[in-house]
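What follows is a short report on a single structure.
The values are calculated or read from the model by the stated rules, or taken from the named source; none is laboratory data. This structure is a prediction, so every number in the text was calculated from the model and none was measured. All Cβ positions, even for glycine, are placed from backbone atoms using ideal geometry, and neighbour counts span all protein chains on display. We work out accessible area using only protein heavy atoms, side chains counted, and drop any ligands, DNA or RNA first. Shrake-Rupley method; radii C 1.70, N 1.55, O 1.52, S 1.80 Å.
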Amino acid sequence: RNSTFIINSNIGADNGMVNLTGTTDIESSTFELQSGVTTGHAIEIGSAGTYTFTDLTFSSFGADGTNTAAIYNSSGGAVTINVFGGSVPTVRNSAGSTTTVNNLTTLTLTGLQPNSEVRVFTAGTITEVAGVENSGTSFTANISAASVDIVVHSLGFEYQKISGADTSSNLTLPIQQRVDRNYSNP
């Protein structure tokens, strides 16, 4: 945690300063490519799977596909990187490797009536990105869309829709559901 890694010419081609595995836990750190370095990566991922990057910053790295991209996927398979905070890294894939990078933020709704139904859609579409049938009094989801529409239903309470909520950064919304005076319990 809270470390700075400087990638220099000693790393060499097809290598990363950190070989990330499912048990490696790096957060709130910075990776910087030293000026003049032409090969080397901040992180090498050698096993297919899903990885979470929390508050990692990548500075001065090359574009996607270059010998100085921040991430080198050498797994020969599919890798998904979920980014929370920090910066979105560039990626280079070895033969047979593919990498999907999701820049995620956290959406939190508080003050819900128990057993509310919550649906979250990419703004202006019917593409659902998160949801739950029976909430507790709060709802949390990781969102990759920069803007969402939120719909909340609960028996005995008025339907609520929030359009165009900005989820380009973490967002917490208090929800105040009003009693539906036209509702009669069968």
Answer label for Cα Rg over 2.2 N^0.38 Å (calculated), chosen among (1) 1.11; (2) 1.32; (3) 1.00
(2)
By how many nm would the segment from LYS161 to THR140 grow when fully extended, if each residue of separation counts as 0.36 nm and the alpha-carbon distance is taken off?
5.9 nm
Can you run phi through the Karplus equation (6.51, -1.76, 1.60; θ = phi - 60°) for the range 78-91 and list ³J(HN,Hα) in whole Hz, with x for Gly and Pro?
8, 10, 10, 10, 9, 9, 10, x, x, 10, 7, x, 7, 9
Which Cα, out of SER116, SER147, ASN15, lies furthest along the positive dipole direction of the chain (beta carbon charges, K/R +1, D/E -1)?
SER116
What order do you get for 2-11, 37-46 when each peptide is scored by the mean count of other beta carbon atoms within 10 Å, highest first?
37-46, 2-11
For the chain, report the accessible area per residue in Å² (1.4 Å probe, heavy atoms, rounded to an integer).
52 Å²
